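Enquirer: To start, I am sharing the structure in question, which I have written as structure tokens.
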Amino acid sequence: MKILVTGGTGYIGSHTCVELIESGYEVVIIDNLSNSKIEVVERIKEITGKDVKFYEGDCIDKSFLIKIFSKEKIDAVIHFAGFKAVGESVSNPLKYYRNNLDSTITLLEVMNEFNCKKLVFSSSATVYGKPKSLPIKETFPLSTTNPYGTTKLIIEGILRDLYNSDNNWSIAILRYFNPIGAHKSGLIGENPNDIPNNLMPYIVKVASKELECLNIFGNDYNTKDGTGVRDYIHVVDLAKGHIKAIEKILNENGIDAYNLGTGNGYSVLEIVNAFQKVNNVKVNYKIVERRKGDIDACYADPSYAKEKLGFKTKYGIEDMCIDAYNFAKKFKEDN
Ligand code: NAD
Ligand code: UD1
């Protein structure tokens, strides 16, 4: 079975390639390297001891995609390629609509032409907007608070329209909660070039003394200690969820959305404290104003993914903190 992974050198894509290869799938990666490095391909080979094909190119480029589909007999696609920075999507919405929507529509057109109708799509818990209650079920109403989220919601709609027009499609929409951590080898992980927006990469840079102090955005939320609560999921668990989704779409037609989270909510302070404890390192922090658009708490009801996909997470918050820091330390040594 040959799986095309768009955005396969990115953070979640690279971990998913490793899990796919280790589960016996052949993997073909395409990525335009707009937010990842070519070295990741070698790292994937190093971890798995297997070959992986890599094509540098853009999913918006139809002739490029046609070339790949003509050359490789693709059985299914996992579509990670896209931009993901919420703040940037607010300041530059057209960049997000152009890249995320065009790349998906072009990919779907080419898949249709080549009669490859099996797709796993990376959506996000952001499509639940401000949930009215917790934990979040897949049946909750959908809404968004920023252009990035809107691209995900629009694409979910496009995929449903596509399936309604042709029931030969088989599509799994995966709504990720907050992926953190890295592969145990320390060879692949999340490595933002700029100052990170998200919590774990920021903590890692403070612990590594690359940044001075973590700003905790508010301690007056309606949560256990006043800081924001999220459902952090180890990226390797998340990657394994894609194998479950691939198995599902290879075996039956249909379209469905699944939450990929653990069902546990941790506050910012709990994460900071766990990180300090397991890594025996100091993380300086101060409480600052709330970040605009943040919600008090967000965590998944993971029971539907468990029932329909057999998806279960294995790693806890300690592993997530150890593996994130291990990757950062190793990366620093190697560069
Ligand atoms: P990432 O930026 O590390 O990976 C995305 C990859 O896609 C990058 O390697 C980038 O170079 C590539 N890419 C972007 N546009 C492309 C295009 N037009 N053609 C070819 N390649 C292109 O991001 P990630 O964290 O691995 O996220 C993967 C997917 O999961 C994204 O769609 C993202 O929106 C979604 N997602 C991520 C999170 C998260 O917290 N990381 C949460 C929910 C959903
Ligand atoms: C982010 C995305 C969201 C996506 C989700 C899952 C933003 C604004 N939102 O959400 O679209 O669906 O990831 O991947 O990027 N925090 C601090 N200090 C920091 C950074 C974060 O206190 O420097 C706090 C936040 O207020 C929040 C928690 O840490 O309570 C997690 O923040 P973050 O990692 O950015 O993820 P989300 O906001 O949940």
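Enquirer: Could you compute the FRET efficiency for K282 and E56, with r as their C-beta to C-beta distance and R0 at 56 Å, rounded to 0.05? Please report the intermediate quantities before stating the final value.
Expert: On the way: r = 41 Å, r/R0 = 0.72.
Between K282 and E56 the formula returns 0.85.
Enquirer: So how exposed is C116, as accessible area in Å² (1.4 Å probe, rounded to 10)?
Expert: We get 0 Å² for C116.
Enquirer: Give the calculated FRET efficiency between E210 and K314 to the nearest 0.05, with a Förster radius of 41 Å applied to their Cβ-Cβ distance. Write out the running numbers ahead of the final one.
Expert: Numbers: r = 30 Å, r/R0 = 0.73.
Efficiency for this residue pair is about 0.85.
Enquirer: To the nearest 0.05, how large is the calculated FRET efficiency for R290 and S70 if R₀ is 45 Å and r is the Cβ-Cβ distance? Show your work: numbers first, answer last.
Expert: Details: r = 51 Å, r/R0 = 1.14.
Result of the calculation: an efficiency of 0.30.
Enquirer: Ranked by accessible surface with a 1.4 Å probe, highest first, in what order do R291, R230, R175, R98 come? Show your work: numbers first, answer last.
Expert: Numbers: R291 95, R230 40, R175 5, R98 145 Å².
If we order R291, R230, R175, R98 from most to least accessible, we get R98, R291, R230, R175.
Enquirer: Right, next: Multiply the residue separation of E252 and D161 by 0.36 nm, subtract the distance between their alpha-carbon atoms, and state the gained length in nm to one decimal. Intermediate results must be reported in sequence, preceding the final value.
Expert: Working: separation 91, 0.36 × 91 = 32.76 nm, distance 1.81 nm.
Stretched fully, the E252-D161 segment lengthens by 30.9 nm.
Enquirer: Roughly how many debye, to the nearest 20, is the charge dipole of region 1-102 about its Cα centre, given +1 on each Lys and Arg Cβ, -1 on each Asp and Glu Cβ, and no other charges?
Expert: Working: 13 positive and 15 negative charges, 46 e Å.
Result for region 1-102 is approximately 220 debye, rounded to the nearest 20.
Enquirer: Placing +1 at every Lys and Arg Cβ and -1 at every Asp and Glu Cβ, with all other atoms neutral, what dipole size does region 103-210 have around its Cα centre, in debye to the nearest 20? Please list the in-between numbers first.
Expert: Numbers: 11 positive and 9 negative charges, 96 e Å.
For this selection, approximately 460 debye.
Enquirer: Need one number: nm distance between label points at S63 and S34, each 7 Å from Cα along Cα→Cβ, rounded to one decimal.
Expert: Spacing of the two 7 Å Cα→Cβ label points: 2.0 nm.
Enquirer: According to a simple spin-label model (label point 7 Å from Cα along Cα-to-Cβ), what is the distance in nm between E42 and I195?
Expert: 3.2
Enquirer: So, one more: Any idea of E307's accessible area? Nearest 10 Å², probe 1.4 Å.
Expert: 130
Enquirer: Can you list residues from other chains, or at least 5 along the same chain, whose modelled amide H is less than 5 Å from the amide H of F54?
Expert: Counting only residues 5 or more places away or on other chains, the set is I29.
Enquirer: Going by accessible area, probe 1.4 Å, with all protein chains left in place, what is the ranking of Y285, Y315, Y266, largest first?
Expert: Details: Y285 95, Y315 40, Y266 70 Å².
Output order, biggest surface exposure first: Y285, Y266, Y315.
Enquirer: Find the centroid of the Cα atoms in region 300-335 and in region 257-277, then give the distance between the two in whole Å.
Expert: What the calculation gives is 10 Å, centre to centre.
Enquirer: Starting from the Cα gyration tensor of region 289-335, take the square roots of the eigenvalues, sort them a ≥ b ≥ c, and report rounded, prolate or oblate (rounded when a/c is under 1.5, otherwise prolate if a/b is larger than b/c, else oblate).
Expert: Working: a/c = 3.21, a/b = 1.29, b/c = 2.50.
Cα axes put region 289-335 in the oblate bin.
Enquirer: Still on this structure: Taking θ = phi - 60°, what integer Hz values does the Karplus form 6.51 cos²θ - 1.76 cosθ + 1.60 yield along region 318-333, in sequence order, with x for Gly and Pro?
Expert: Those phi angles translate into 5, 4, 4, 5, 4, 5, 5, 6, 4, 4, 4, 5, 5, 4, 5, 4 Hz.
Enquirer: Could you please put R43, R290 in sequence from largest to smallest accessible area, using a 1.4 Å probe? Don't jump to the answer; show the numbers that get you there.
Expert: Values: R43 45, R290 115 Å².
Most to least solvent-accessible, the answer reads R290, R43.
Enquirer: A follow-up question, please. Which of rounded, prolate, oblate describes region 222-335, given a ≥ b ≥ c as roots of the alpha-carbon gyration tensor eigenvalues and a/c under 1.5 marking rounded, otherwise prolate only if a/b is larger than b/c? Don't skip to the answer; put the middle values down first.
Expert: Working: a/c = 2.56, a/b = 1.47, b/c = 1.74.
Verdict is oblate for region 222-335.
Enquirer: What residues qualify as long-range amide H neighbours of A297, i.e. H under 5 Å apart, gap of 5 or more or another chain, H built at 1.01 Å from N?
Expert: Answer set, sorted by chain and number: V229.
Enquirer: Quick check: pseudo-label points 7 Å beyond the Cα along Cα→Cβ at K224 and E22, how many nm apart are they?
Expert: Between K224 and E22, the label points sit 2.9 nm apart.
Enquirer: I need the shape label for the chain. Rule: rounded when a/c is under 1.5, else prolate if a/b > b/c, else oblate, with a, b, c from the alpha carbon gyration tensor. Present the calculation step by step, with values, prior to reporting the outcome.
Expert: On the way: a/c = 1.68, a/b = 1.35, b/c = 1.25.
Prolate, since a/c reaches 1.5 and a/b exceeds b/c.
Enquirer: Which of K118/K292; K152/K308; K152/K248; K73/K244; K184/K312; K37/K117 have a Cα-Cα distance over 27 Å? Write down the numbers at each step before the final one.
Expert: Working: K118/K292 38 Å; K152/K308 22 Å; K152/K248 21 Å; K73/K244 21 Å; K184/K312 18 Å; K37/K117 29 Å.
Result: K118/K292; K37/K117 exceed 27 Å.
The values are calculated or read from the model by the stated rules, or taken from the named source; none is laboratory data. This structure is a prediction, so every number in the text was calculated from the model and none was measured. All Cβ positions, even for glycine, are placed from backbone atoms using ideal geometry, and neighbour counts span all protein chains on display. Just the protein is used for accessible areas: all its heavy atoms, side chains included, with ligands, DNA and RNA removed. Shrake-Rupley method; radii C 1.70, N 1.55, O 1.52, S 1.80 Å.
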